[in-house]
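These notes concern the structure reproduced below.
Each reported figure results from applying straightforward, stated rules to the coordinates on display, with no laboratory input. Keep in mind that what you see is a predicted model, and the values were worked out from it rather than measured. Positions of Cβ are backbone-derived with ideal geometry, glycine not excepted, and every protein chain shown enters the neighbour counts.
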Amino acid sequence: MIRSDTEGRVARIRFDRLDKKNAITAEMYAQLGAALAAADGDSQVRAVLLHGSAECFTSGNDVTDFLNIQRRPGASPARALFDALPNMKKPVVAAVGGPAVGIGSTMLLHCDLVFATPSARFQLPFVPLGIVPEFGSTFLLPLLAGYQRAAKLLLLGQPFTAQEALEAGIVTEVVPGEKLLEHAFQVCSALAALPPESIRLTKRLMRARYTETLAATIDEETRIFTERLSSPEAKEAMSAFLEKRKPDFSRFG
C-alpha cells in the first residue's frame, strides 16, 4: 500500500490504496516511515517525491483501523512517520491531487516543496472530531500562515482549496492536474542535480532554530491527542461520523 522505487536519483514514494482513497492504516505508517528513512540513507538518492495519484493524495486515517488500534498513553501509530519526515536530510517534494485530509495535510508542513492541482482539497478536521491537531501543526501552521489564518483552518476544521493552501504557505505552487507528477518529478530531478552537501546544510540551517520546539510540540500533541480519543466529545464525534449524522455537542460544557 506504500510503493517505493528509484528513478534516476529520485526516490518516488507513493500511496497505493486508491480503492480506499489512500486512507492510511497503522501498517502503512510503518511502511511510509521505513521508506522515507531508507531513501534518506541511500547514497544513490538525492531527492524524494511523495505522492498519491493525480486524483487522490490521501483521505487521512483509515477510520476503522484507527479506532481499533490498541494504544499506549502518548503513543501514535504514526510514530515512524513522525520520526522520519521532519528529520529528512534530503529534500522532500510532495505532489497533491484530490483530497489531503488530516495527516494528509499536516505531513505537507514537513515537506520542502509542495505542488498541488487546482482541484486538490485540504482539511484539518481535528477539532470537529473532538480531538486536537497533530504532527506539529499547532506550531508549524501559525509559523507559515500567521496565527489568525492558522486559527481559521485549525479551529473550524473546514475543507479549503489549493489556492487557500497556497496563500497559507502550505502549498508552493498550483499546477495543472495533467502536469502534476511530471512537474514535481522535474523539480526533484533539478534538486538531485545540485550539490548534495549544500542542500543538506541549507536545510539544517533553515530548520535549526525550531527543531527542538517542533519535536516537543509533536510529543505534546500526541499525548493530548491520545487522551482526547477517550473523551465524551470525541466518542460522540466518531459515532456521528460512522453513523453519518450530525454530532450533538450541546450537552458538553
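Figures for the structure shown
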{"quantity": "Charge tally in the Cβ shell below 9 Å around Gly130, where Lys, Arg are +1 and Asp, Glu are -1, Gly130 excluded", "calculated": "0"}
{"quantity": "Violating pairs (Cα-Cα greater than 31 angstrom) within the set Lys152/Lys246; Lys20/Lys203; Lys21/Lys179; Lys20/Lys246", "calculated": "Lys20/Lys203"}
{"quantity": "Efficiency of FRET between Asp19 and Tyr147 - r from beta-carbon atoms, R0 41 angstrom, step 0.05", "calculated": "0.55"}
{"quantity": "Between the range 163-198 and the range 237-253, the Cα center-to-center distance that results, in Å", "calculated": "39"}
{"quantity": "Extension gain (nm, one decimal) between Thr64 and Thr6, 0.36 nm per residue minus Cα-Cα", "calculated": "17.7 nm"}
